[in-house]
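S.K.: I have a structure here, written as structure tokens, and I will follow up with some questions on it.
What follows draws every value from the coordinates through simple rules; no lab data is involved. Note that the structure is predicted; figures quoted are calculated from it, not measured. So basically every Cβ, Gly included, is an ideal-geometry build from the backbone, and we count neighbours across all protein chains shown.
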Amino acid sequence: MIAITNGKVLTITQGTLDRGTVLIENGKITAVGQNIPIPDGAEILDASGKVVTPGLIDAHCHVGLFNDGVGWEYADGNEMTDPVTPHLRALDALHPENMAWPDLVAAGVTCVLTGPGSANLIGGQWICVKPAPRASVNQMILLEPAGMKMALGENPRRVYGGQNKMPSTRMGNAAVLRSALVDAQNYLEKWQRYAAEQEEYEAKKASGEKDAKPPVKPERNLKHEALARVLRREMKARVHAHRADDILTAIRIAEEFNLDLTIEHATEGYKIADILREKNIPVTVGPILFSRAKYELKEMTPKNPGILSRAGVKVAIQTDEMSAVKYLTINAALAVREGMPEEEALKAITINAAEIIGVHDRVGSLEAGKDADIVIFSGHPFDYRTVAETVLINGEIVYRKPE
């Protein structure tokens, strides 16, 4: 058992505790509060003068699929040969020895949602992992698959228009996406008919009907199978969209096909914050610490997450990065400087991120029963001088600041 004592505990969902205690056993938080008895034999981590938070969460990055300092050999994030690749799985490319993982852990980031980039209209299936050092990807997984990456706007147009393929326009983006979803709907219906016919055949056979013929089993299609999970709302549609008009196209298509939608980046989300709130669509905003690298970012502003949050939109803050995920708190601090309430910015890199990913039953706050993913910071995480001093993942101390 481990007891973290005497720290300023930011539980995120149950307020702030001065000189609070967090008890950990078998990888889980067993108690959070003040004046909690410490069991005999517990390892005590004295957090006096320090700040204790849940592990930080980046709800949109590409760590593990693109490697820093390596180049083409480990650039596995974009399959730029077909605009529709829903059957790709980040699981099959994530590198457990990526040099970025230790950087994330040392910064207090204990959970990330990562996956394919936005070159393709439908890029593939994302994965949520914990970056603790492990021998295999399977030991890092928190949720897989963790959403279907889709992209509207400039990126797929640039990639495939440059190859003289469709899509090369925004109309083409929407048309190809709709066509892929309709193909998956037809595939689902074909299998549903087969299941009904098979049931009818079994009934006839059981009744002794000698002329009963089994139905022909449809051929499998991995693309359609993957998109069928999105159509059944078993997997979120995570749509990369910067401009307000692209966000509205994503909403229009999601409503046509009843998709469980999140907007990734939402750079111009502040322009339509009322619509996003009304339709209860969450967003992962960012990166904030970024330049206007392309035309569709020309109206980006660090005020965006604050405007969205104050409008009532559920906001997570993301870095869209690899090892620079370690600057997640800086992105959040910039959002606070530009008007986002501090409490909401903390939620944006903890519980809101967990809820948008779909892992809030496990991580994102300090509550009994949740995974013991915990950070002891030297000060408030939004202070640029603050560092993570101790980091736990699943109750295991995976990082201590060197003396």
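S.K.: Among Gly69, Gly364, Gly55, which one shows the biggest mean-square fluctuation in a GNM of the chain, springs joining Cα atoms closer than 10 Å?
M.R.: Answer for the Gaussian network model of the chain: Gly69.
S.K.: Label Gln185 and Glu225 with points 7 Å out from Cα along Cα→Cβ: what is the distance between them in nm?
M.R.: With each label placed 7 Å out from Cα toward Cβ, I get 2.3 nm.
S.K.: Now, a different point. Can you grab the distance from the C-alpha centre of region 98-171 to the C-alpha centre of region 1-52, Å, no decimals?
M.R.: Centre-to-centre distance over Cα atoms comes out at 34 Å.
S.K.: Hey, another quick one. Rounded to whole Å and ordered largest first, report the semi-axes of the equivalent ellipsoid of region 234-372 derived from its Cα gyration tensor (root of 5λ).
M.R.: 22, 20, 14
S.K.: So what is the orientation-averaged projected area of region 303-403, using the convex hull of its C-alpha atoms, in nm²?
M.R.: Values: hull surface 28.2 nm².
With every direction weighted equally, the projected area is 7.0 nm².
S.K.: Restricting to the chain, compute how many DSSP beta bridges are antiparallel as a %, nearest 5.
M.R.: On the way: 32 of 60 bridges.
Antiparallel bridges make up about 55 percent of those DSSP assigns within the chain.
S.K.: Place a +1 charge on the Cβ of each Lys and Arg in region 222-262 and a -1 charge on the Cβ of each Asp and Glu, then give the dipole magnitude about the Cα centre in debye, rounded to the nearest 20.
M.R.: Details: 8 positive and 7 negative charges, 31 e Å.
Dipole of region 222-262, to the nearest 20 debye: 160 debye.
S.K.: Which of these, Lys210, Lys347, Lys326, has the largest mean-square fluctuation under a Gaussian network model of the chain (Cα springs below 10 Å)?
M.R.: Lys210
S.K.: Reachable aspartates and glutamates from Lys213, Cα under 16 Å, same-chain residues fewer than 8 places away excluded?
M.R.: Cα-Cα hits under 16 Å: Glu197, Glu199, Glu200, Glu202.
S.K.: Assigning unit charges at the beta carbon (Lys, Arg +1; Asp, Glu -1) and nothing else, what dipole magnitude in debye, to the nearest 20, does the chain show about its Cα centre?
M.R.: Values: 46 positive and 53 negative charges, 173 e Å.
In debye, rounded to 20, the chain gives about 840.
S.K.: Here is a follow-up. For the charge dipole of region 163-212, defined by +1 on Lys and Arg C-beta atoms and -1 on Asp and Glu C-beta atoms about the Cα centroid, which residue among Ser207, Gln192, Ser168 has the Cα displaced farthest towards the positive pole?
M.R.: Final value for the positive-end residue is Ser168.
S.K.: At what distance in nm do the modelled label points of Asn35 and Lys303 sit from each other, each positioned 7 Å from its Cα along Cα→Cβ?
M.R.: Result: 4.7 nm between the two label points.
S.K.: When a/c is below 1.5 the answer is rounded, else prolate if a/b is larger than b/c, else oblate, so apply that to region 170-301 with a ≥ b ≥ c taken from the square roots of the Cα gyration tensor eigenvalues. Provide the component values of the computation, followed by the final result.
M.R.: Details: a/c = 4.03, a/b = 3.23, b/c = 1.25.
It is prolate, given that a/c is not under 1.5 and a/b is the larger ratio.
S.K.: As a test of understanding, state the convex hull volume per residue of region 5-82 from its alpha carbons, in Å³. Display every interim value, and only then the final one.
M.R.: Values: hull volume 13.7 nm³, N = 78.
It is 175 Å³ per residue.
S.K.: Give the lysines reachable from Lys294 as a straight Cα distance under 23 Å; neighbours fewer than 8 places away on the same chain don't count.
M.R.: Correct list for Lys294: Lys149, Lys165, Lys271, Lys303.
S.K.: In the chain, with Lys and Arg counted as +1 and Asp and Glu as -1 at Cβ, which of these residues, Pro86, Gly339, Tyr295, has the Cα nearest the positive end of the dipole, that is, farthest along it?
M.R.: Of Pro86, Gly339, Tyr295, it is Tyr295.
S.K.: Continuing with this model, one more query. Between the alpha-carbon centers of region 176-212 and region 214-283, tell me the distance in whole angstrom.
M.R.: When both Cα centres are located, 26 Å separates them.
S.K.: Give or take rounding to whole Å, what are the principal axis extents of the alpha carbon atoms in region 255-323, in descending order?
M.R.: 33, 24, 23
S.K.: Follow-up question, since we're still on this one. Please give the net charge around Val176, taking every other residue with its beta carbon less than 13 angstrom from that of Val176, where Lys and Arg add +1 and Asp and Glu add -1.
M.R.: +3
S.K.: In Å and from the alpha-carbon atoms only, list the Rg and Dmax of region 31-135.
M.R.: Cα only, region 31-135: 18.6, 60 Å (Rg, Dmax).
S.K.: How large is the Rg to Rh ratio of the chain when both quantities use alpha carbon positions and Rh follows Kirkwood?
M.R.: Working: Rg = 23.1 Å, Rh = 22.3 Å.
A ratio of 1.04.
S.K.: Who wins for biggest fluctuation among Glu296, Glu209, Glu342 in a Gaussian network model of the chain, springs between alpha carbons below 10 Å?
M.R.: Judging by the Gaussian network model, the answer is Glu209.
S.K.: HN-Hα J couplings of region 175-183 from phi, Karplus 6.51/-1.76/1.60, θ = phi - 60°, integer Hz, Gly and Pro as x?
M.R.: 5, 5, 5, 4, 4, 5, 5, 5, 4
S.K.: Among all the lysines, which ones have a C-alpha under 16 Å from Lys8's C-alpha, if same-chain residues fewer than 8 places away are not counted?
M.R.: Lys50
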